[in-house]
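Heads up, the thing below is written out as structure tokens.
Computed from the coordinates by the stated procedures, all read-outs in this text should not be read as laboratory data. If you're wondering where the values come from, they're calculated on a predicted model, not measured in any experiment. Ideal geometry is used to build each Cβ from the backbone, glycine not excepted, and the neighbour counts take in all protein chains shown.
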Amino acid sequence: MNNTLRAALLEGRPVFGSWLQSGNSAIAEVMAKAGFDWLAIDLEHSTIDLETTFTLIQVIDLAGCAPLVRLSANDPVQIKRVMDAGAWGVIVPSVRSAAEARQAVDAVKYPPEGTRGVGLGRAHGYGPGFADYLRACAEGSVVIPMIEQKEGVEHVEEILAVPGVDGVFIGPYDLSASYGVMGELGHPLVREAMRRVVEAARVSGKAAGIHVVHPPGTQVAERMAEGFGLIAYGGDMLFLTPAAREAAKELRSLRD
């Protein structure tokens, strides 16, 4: 683990990543070598299992990109296993309170900062790198709660105040659903909720994150201007789908 990602977040520098929903290691390698600062392996909305996650973490890490895992739930056992596999940190879905944020931090950090159980895995060099990893984990592991419900917005200041939380990440579609306007990301209720999250992050000196799902990339500049510094852009399937459709369209034009 290298603490460059966490250092960038603490310094307020923008960091750009993307999303992986395929368990294919070749796709992960292409994405990891493309120049992103980080890649999130999505365990919440994909069929990726733990063994595949291990392989993806290896590929991303060895390519010089930071592997993060978007968990399926705020589960200490799952957190421990992906961290032991070598994840640099976790993105935790549906965090509604400081207590839930503290639970995630505890699962990532070893005592005295947390309560993570001690075992040997890839993260520790399978044993010989244990002491180095303890230091790297304390200094460099990343914990990003997701704000996806009204309750999370209402408690965002307390969530960001939890020691070990490095920022928050808005789940815009779930957030809009929690306000009763699913998919209406421009609705005043959603915009105000997002503004409050960004402002709380600014005041706390921590990162505000969001996923810019679809091109164009000009949306990224707009989000940065709004105060977001932890930005996911597109994703493996989101990049592949339009490219494949455009190729098929071009071929059909030769036949028609």
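Points to keep in mind about this one:
- Within region 134-173, being part of a helix (DSSP H, G or I), crowded, with 22+ Cβ neighbours inside 10 Å and touching a residue at least 60 places away in the same chain (Cβ under 8 Å) holds for CYS137, ILE159.
- For region 73-103, the set of residues classified as without any contact (Cβ under 8 Å) to a residue 60 or more places away in the chain and touching a strand residue (DSSP E or B) at 6+ places or on another chain (Cβ under 7 Å) consists of ASN74, ILE79, VAL82, ALA87, VAL90, VAL92, listed by residue number.
- Residue list for region 209-256, filter: part of a helix (DSSP H, G or I) and within 30 Å of LEU10 (Cβ to Cβ): THR218, GLN219, VAL220, ALA221, GLU222, ARG223, MET224, ALA225, GLU226, ASP236, LEU238, PHE239
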